[in-house]
Amino acid sequence: MENSFEYRRELDALRFTSEQKALMISQLKSSFEKESQEVHHPTGRIVERSLDTQILKKTERRVMKIRFTIVLAAVITALGVSTAAAAYILQWNGKLAEKFGATEQQQKKLVENGALDSPDQTVTENGVTITAIQTLGDKNGLYVLFDVKAPEGIELTKDGSGISTDVKIEGVKHVSWNAQFVLDNEKTVSPSGAANERYYELWLDNTEEEDWNGKTITVEFSDLRDLNKGVNDNISVTGKWNLSWKLSYMNQMQTYDINKTYMINGHEVIVKFVEISPLSMTLKLSGSGLEQLVANSDLNKAGGLCSVSLMMKVGTTVEEGPRNESYSDNTYTQVTRFGQVQDMDQLTGYVLTFYHETTDNTITVTLP
């Protein structure tokens, strides 16, 4: 950040008065000028002798970003600004917290682990405003929460409204996703409660197990529709609404190596490992009997092989959420996204139930 405009753009995300922002900018610039004299000159000369200019510039930007956070915190403290205002950027959207049943402790931990991001991108065209509010996710995929506001007089409903959507991620050939206006039975369906405004949700599945962090996502919306008018001539508002930002999500997953053999209705199954976070899990199976179990199932017909339930310390199980299953080279992979945030310190194991086997069709796996 090299000028007052960039400082102010960062501060605009916080709910400070104009006077507070002006004072902060003045103090931040003064602090950075001092830091630049103390840090960059002596360090820069040493680095220049061993690294090229491009790497040096990247290093300086990273240092300045860290220094901005530290100095901003010091200025906020000096001004006596409330903690709630200072933490505004890191706060969960109320709808997102409701959607995933996240407690304050869970919210704080997921923020610390980098699972939450606020794109804060808005576009308006032909009276329709679409805002990308927040994302929540890990390496297995992301949930994106949008707000769609139509012109007055146009009611947005789960089954009666539609909008064409397409998703692209920089450098990724195939993106698996599904999207919809939030369900009518949810507690909160609209930010304002107005009939012409409604939350819209997008689920992204990282089925190719690629690294999306830092890559630009573009969500393209077009033509708001009234589905009650039928298949044809149902466009309420013509237009295109594109939003782009760089993805950021949680990388940390806890891996449990199991490598234990079980029997399912006389067929040998090896539970290789489970990789899990509060938001999702990846399960891998192999074994000499796996091929026959897959043949007995409808997995290859867009069906499923088995369900997964989590075992918690309190003795209850939590049913799985939306999932993707695949079988290749005698290895079965299931990726499950949880509909609710899970407490990893309460997890003791999981139960697999094979749908198409009539006897001895469950496996109980205790985590080491």
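The values are calculated or read from the model by the stated rules, or taken from the named source; none is laboratory data. These figures come from a predicted structure and were not determined experimentally. Every residue, glycine as well, gets a Cβ built from its backbone with ideal geometry; the counts of neighbours run over all protein chains shown.
Numbers below:
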{"quantity": "Residue match in segment 142-150 (condition: outside any strand (DSSP E or B) and loosely packed, with under 15 Cβ neighbours inside 10 Å)", "calculated": "no"}
{"quantity": "Some residue of segment 193-209 being touching a strand residue (DSSP E or B) at 6+ places or on another chain (Cβ under 6 Å), closer than 16 Å to VAL128 by Cβ, in the same structural domain as GLU125 (by TED's automatic domain parsing) and of a type in the set (Gly, Ala, Ser)", "calculated": "no"}
{"quantity": "Criterion (exposed (fewer than 13 other Cβ atoms within 10 Å of the Cβ), part of a strand (DSSP E or B) and not assigned by TED's automatic domain parsing to the domain that holds LEU142) met by exactly one of MET263, MET311, MET281", "calculated": "MET263"}
{"quantity": "Among the candidates ILE154, ILE217, residue that is modelled with pLDDT of 95 or more, crowded, with 16+ Cβ neighbours inside 10 Å and either assigned to a strand (DSSP E or B) or aromatic (Phe, Trp, Tyr) (or both)", "calculated": "ILE217"}
{"quantity": "Candidates THR188, THR207, THR129, THR238, filtered to the one that is within 30 Å of VAL111 (Cβ to Cβ), among the polar types (S, T, N, Q) and outside any loop (DSSP other than H, G, I, E, B)", "calculated": "THR129"}
{"quantity": "Single residue of GLY349, GLY321 found to be in contact with a strand residue (DSSP E or B) (Cβ under 6 Å, 6 or more places away or on another chain) and closer than 20 Å to ASP257 by Cα", "calculated": "GLY349"}
{"quantity": "Qualifying residue in segment 221-243 (condition: among the charged types (D, E, K, R), in the same structural domain as GLY127 (by TED's automatic domain parsing) and under 20 Å from the mean Cα position of the chain (by Cα))", "calculated": "no"}
{"quantity": "GLN180 vs. criteria out of contact with any helix residue (DSSP H, G or I) (no Cβ under 6 Å at 6 or more places or on another chain), not in a helix (DSSP H, G or I) and not assigned by TED's automatic domain parsing to the domain that holds GLU325", "calculated": "yes"}
